[in-house]
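As structure tokens, the structure follows; a few thoughts come after it.
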Amino acid sequence: MTHQIDLPAAVKAGIISPDQAADLVAFGNRDLLKTVADTSRATDDRESFRLIGGFNDIFVTIGIVLLLTGLAFSLGSVMNQSMVAQFAIMGAVIWLLAEYISRIKRMKLPSTVLALGFLVCIGGLLQIWLDQRFDFAEPDNALAALVLLDQGQTAGLIGFSAILAVSAIYFWRFRVPVEAAIIALAATGLVTVGASELFMDEVAQGQVRLSSATDVLQLLQRLLVLPLICGLVIFATGIYLDFKDRNRLTTMSDAAFWLHLISAPMIVHPLFILSSGQDVGFGSIEPGTTATVGLVALMVIIVLISLAIDRRALLIPTLTYFGALGIYRIVENASDNTGIPPFALVLLVIGALIIIFGMGWQRIRHMVIGTVLPNRWLAALPPIKI
């Protein structure tokens, strides 16, 4: 080992030359340098997911869960007649904890648990207020059903608007990434309820006719475009945040992860229903070739975008739907010959694809994205690390 030899003394004594001493040092450190390079390469190939900052995050999260659970049972025993007070006190305690844990210490997992807990408290208060404000009794005639539907739409608008506002304030105060997904889902719910209310106005005015179940199915087919559009908007927002932080160093990049996670099902699921002919309560939507082609094309595009922006999170729902729709039909005949259930073959194929993508993610990015996109575009994307 070179560290056991006094090389400067050997050079001074004329035993070896300075160049030979440098070569010996390089030779002795070759294994160390190779280990560092391999470690760097392995680290670079991991998509950053900063939900857990370390075991201390888990330790503190356990403490938060125990504390809030004990507080909930204690409040339930002391003031069991006042649910409003219980939710209000729980929300206040969570906010105070977040002031230190989320705002000062910036602990990832505990902050996520606190944010979700605060959302539960707000949701509980909203539910109590809406139950007092509206009569949601089961209708006994058509007129009562229309009144209940109108009340439900109004309650939905109020509820989603309140959750959207509270989540935006919480995100502005504490910068907890999961709040981005809650804001996006609340906005989607608000748009959906608003569109349904406009639709009911058109039905009441006779502009839209629902004379048969077929009319309802055709209407539902058109309404499925709404979550698709919302999903595309959320997806585009996530891509924008990724471009603002191509090295994944800020909270906005973590928020983009959650946006991608919820946008993929919202984009793929409507096309999945339209292309596979799902039962929607009033009957089964007739499978459409156009929707099938669009679904497959969309999945290919999502895979390419996932590689481009270096986001594996998009691939999980995409591969799941692809297996449920495409691979199932492909392997169904094979299962008849082999006796293996189709779902088992689907799991084999999807599992193999996930392992291939996971083990060679950066090399696949290099082969697909690095050879297709111009250098000017590559410079704006997360770097390819091979």
Hits in the stretch 344-383 (condition: assigned to a loop (DSSP other than H, G, I, E, B) and in contact (Cβ under 8 Å) with a residue 60 or more places away in the chain)
Leu373, Ala380, Leu381, Pro382, Pro383
Test: residue in the stretch 205-228 that is at pLDDT 80 or above, part of a helix (DSSP H, G or I), at negative phi and hydrophobic (A, V, I, L, M, F, W, C)
yes
Looking at (1) under 18 Å from Leu190 (Cα atoms); (2) open to solvent by 60 Å² or more (accessible area, probe 1.4 Å), which is the one condition that is false for Leu249?
(1)
Can you tell me which residue among Ala115, Ala98 is at pLDDT 95 or above, open to solvent by less than 40 Å² (accessible area, probe 1.4 Å), in a helix (DSSP H, G or I) and in contact with a Leu (Cβ under 8 Å, 6 or more places away or on another chain)?
Ala98
Across the stretch 56-74, what is the number of residues that are open to solvent by less than 50 Å² (accessible area, probe 1.4 Å) and farther than 15 Å from Leu125 by Cα?
8
A careful count of residues in the stretch 29-55 that are modelled with pLDDT of 65 or more and surrounded by 10 or more Cβ atoms within 10 Å (Cβ to Cβ) gives 5
Given the options Leu353, Leu315, Leu295, name the one that is within 24 Å of the chain's Cα centre (by Cα) and modelled with pLDDT under 75.
Leu295
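The values are calculated or read from the model by the stated rules, or taken from the named source; none is laboratory data. Being a predicted model, the structure only gives us computed values, none of them experimental. Note that we place each Cβ from the backbone using ideal geometry, even for glycine, and neighbour counts take in every protein chain shown. With ligands, DNA and RNA removed, areas are computed over all heavy atoms of the protein, side chains included. Shrake-Rupley method; radii C 1.70, N 1.55, O 1.52, S 1.80 Å.
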